[in-house]
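Note sheet for the following structure.
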Amino acid sequence: MFNLTGKKGLIVGVANKHSLAFSCAQLLHSVGAHLIVSYANEKAAPYVLPLKTELPEVIFTQCDVRCDKQLMSLIELAEAKLGRIDFIIHSVAYAPLEDLHGRILEAHREGFLLAMEISCWSLIRIVKIAEPLLNPSSSLITMSYLGSERAVQNYNLMGPVKSALESSVRYLALELGEQGHRVNAVSPGPIKTRAASGLNDFDTLLDKSAERAPLKRALSAEDVAGAVLYLVSDLSQAVTGATLYVDNGYHVVD
């Protein structure tokens with residue numbers, strides 16, 4: 001049913017073997033996609049580069065999404081190695097711990113702007129630079145969270161940032177729709193990743209989700225990758241501007 005042979009794309013934001021982006025890379029590669037995968041910086045390299053042994057045909061490269069020069073280099077690499085591309089998966093989020101752990105009222109201007117730049121603006125910038133390389137009906141995907149629309153305890157600063165990200169998805173969908181490009185967000189439930197580890201009392205959030213979600217089952221990064229595979233595939237040709245929840249149904253619970 002899912003055959004991505006001939007499809008080519010970028011996955012931005014692999015942090016380690018537990019990251020959602022890496023699970024996406026594994027699954028998309030397994031069904032035939034050609035990939036370039038990026039990681040943020042030299043600090044992440046020791047956790048990412050060993051993963052090349054699991055995906056020897058995938059190209060790994062460094063890209064700090066705050067740096068236009070590195071973003072341009074990423075897209076130039078994609079053009080050189082892949083030609084035109086069919087999808088981009090944006091799995092990047094960051095906020096300084098001091099601002100993330102404190103009250104939103106106490107967030108610093110610099111911390112708020114940095115979180116917005118890395119977690120939201122980077123999606124817009126990547127799409128803008130990559131637009132000339134996009135094949136017709138390309139699929140552009142980012143990662144969000146329920147805290148974008150609800151006040152989730154301890155999510156704090158990232159709530160408004162993810163709200164802006166989801167709004168950006170809708171406007172990008174509107175602007176790129178005439179070209180046939182689809183832009184969507186995937187909103188996973190709590191999963192133990194490096195990003196999630198930065199939240200205060202994350203285990204409580206994890207337990208609450210497992211207890212109250214309608215589907216009484218464990219949630220995994222592979223579940224998220226499955227949703228991304230659907231959005232990359234031609235089966236989602238009529239889906240754009242949407243937020244697809246992958247949370248065992250927790251978003252419907254009061």
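Values in this text are rule-based calculations from the coordinates and carry no lab data. Nothing here was measured: the structure is a model prediction, and the numbers come from that model. Neighbour counts run over all protein chains shown; Cβ positions are idealised from the backbone, glycine included.
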- Query: By the scheme Lys and Arg +1, Asp and Glu -1, what is the net charge of all other residues having a beta-carbon under 13 Å from that of Asp86?
  - Reply: +3
- Message: Quick check: the angle from helix 221-232's long axis to the longest principal axis of the chain, C-alpha only, nearest 10 degrees?
- Response: 50 degrees
- Query: Where Rh denotes the Kirkwood radius from the mean inverse Cα pair distance, what is Rg over Rh for the chain?
  - Reply: 0.94
- Amide H of Leu55: which non-local residues (sequence gap of 5 or more, or other chain) have their own amide H closer than 5 Å, using H built in the peptide plane? none
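Loop-only trypsin sites (Lys or Arg not before Pro) in the stretch 1-68, please: DSSP not H, G, I, E or B, and at most 14 other Cβ atoms within 10 Å. Intermediate values should be presented prior to the final figure.
On the way: sites: Lys7, Lys8, Lys17, Lys43, Lys52, Arg66; in loops: Lys7, Lys17, Lys43, Arg66.
For trypsin sites (Lys or Arg not before Pro) across the stretch 1-68 that sit outside H, G, I, E and B with at most 14 neighbouring Cβ atoms in 10 Å, the list reads Lys17, Lys43.
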- Query: To the nearest 10 degrees, how steep is helix 158-176 against the longest Cα principal axis of the chain, on a 0 to 90 scale?
  - Reply: 30 degrees
- Message: Can you work out the Karplus-derived ³J(HN,Hα) for every residue in the stretch 40-54? Use 6.51 cos²θ - 1.76 cosθ + 1.60 with θ = phi - 60°, whole Hz, and x for glycine or proline.
- Response: 6, 6, 5, 4, 7, 3, x, 8, 9, 4, x, 6, 4, 5, 7
